[in-house]
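**Student:** Here's a structure for you.
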Amino acid sequence: MIVMIALVLLALGVVGYFFLTAKVSVTASGAQGQLASQNTALFDQLKTQLEESSFQGTRFSTDALGNAEDYAFITYTVRLSNQCLVPVDMVELQVEPDAGDVLQIGDTAVHSLKSRSVGDITATILTSKNNNAAREVIVSYYVWGVSFSIRQVIGG
């Protein structure tokens, strides 16, 4: 019985160690903008999807889109470092909208980070062309089914 108790305590200690050392951090970040008029194919595709109610992503405004010359795409990139000994599942990047932001393009891919690895995740928004690029982003991830998040301001 003492051996069983010792094994249970050891197992709880190992699980606790893995859980407490589950550290993911942002090692680099950046924002890159492009006028929507430079990528009219994507703009027209998004406009059509919004009109047909088939858009996959996050809508920040219900207003109809105007001309591509009035908008810009901003892509936010976050480099994450997983220092845990276990993989990180379901990594997602969400941009906190600002006035003038229209939408965030959906990402249907499943992102994860292997243990002791580094990886990038991106999110692209459509906004008014005169908006500042500075936004707060939220990186959400799961370790063993438990949700964690990191908030970071990018751009400017």
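The values are calculated or read from the model by the stated rules, or taken from the named source; none is laboratory data. Just so we're clear, the structure is a prediction, and the values are computed from it rather than from any experiment. Ideal geometry is used to build each Cβ from the backbone, glycine not excepted, and the neighbour counts take in all protein chains shown. Surface areas here come from the heavy atoms of the whole protein model, side chains and all, with no ligands, DNA or RNA. Shrake-Rupley method; radii C 1.70, N 1.55, O 1.52, S 1.80 Å.
**Student:** Just give me the residues in segment 97-156 being hydroxyl-bearing (Ser, Thr, Tyr) and under 13 Å from the mean Cα position of the chain (by Cα), in sequence order.
**Tutor:** Thr108, Ser112, Thr122, Thr124, Ser140, Tyr141, Tyr142, Ser149
**Student:** For residues that are closer than 29 Å to Asn39 by Cβ, of a type in the set (Val, Ile, Thr) and either in contact (Cβ under 8 Å) with a residue 60 or more places away in the chain or open to solvent by 70 Å² or more (accessible area, probe 1.4 Å) (or both), tally how many sit in segment 126-149.
**Tutor:** Selection size over segment 126-149: 2.
**Student:** Hey, Ser112 hits all of (1) in contact with a Leu (Cβ under 7 Å, 6 or more places away or on another chain); (2) open to solvent by 50 Å² or more (accessible area, probe 1.4 Å) but one; which does it fall short on?
**Tutor:** (1) is the only condition that Ser112 fails.
**Student:** Step by step: first the residues of segment 70-83, then only those that are part of a strand (DSSP E or B) and not hydroxyl-bearing (Ser, Thr, Tyr), then the one that is farthest from Trp144 (Cα to Cα). Which residue is that?
**Tutor:** Residue satisfying both the conditions and the ranking: Ala72.
**Student:** Further question on the same structure: Across segment 18-34, what is the total count of residues that are farther than 30 Å from Ala72 by Cα and either part of a strand (DSSP E or B) or over 27 Å from the mean Cα position of the chain (by Cα) (or both)?
**Tutor:** Number satisfying all stated conditions: 1.
**Student:** Something else: With Val102, Val86, Val91 as the choices, which residue is within 19 Å of Phe148 (Cα to Cα) and either outside any loop (DSSP other than H, G, I, E, B) or open to solvent by 70 Å² or more (accessible area, probe 1.4 Å) (or both)?
**Tutor:** Unique residue meeting the criteria: Val91.
**Student:** Being out of contact with any Leu (no Cβ under 9 Å at 6 or more places or on another chain), assigned to a loop (DSSP other than H, G, I, E, B) and open to solvent by less than 50 Å² (accessible area, probe 1.4 Å) is the filter here, so list the residues in segment 35-65 that pass it.
**Tutor:** Asn39
**Student:** Inspect segment 105-123 for any residue being farther than 30 Å from Phe18 by Cβ and part of a loop (DSSP other than H, G, I, E, B) and give the result as yes or no.
**Tutor:** Checked segment 105-123: at least one residue is farther than 30 Å from Phe18 by Cβ and part of a loop (DSSP other than H, G, I, E, B).
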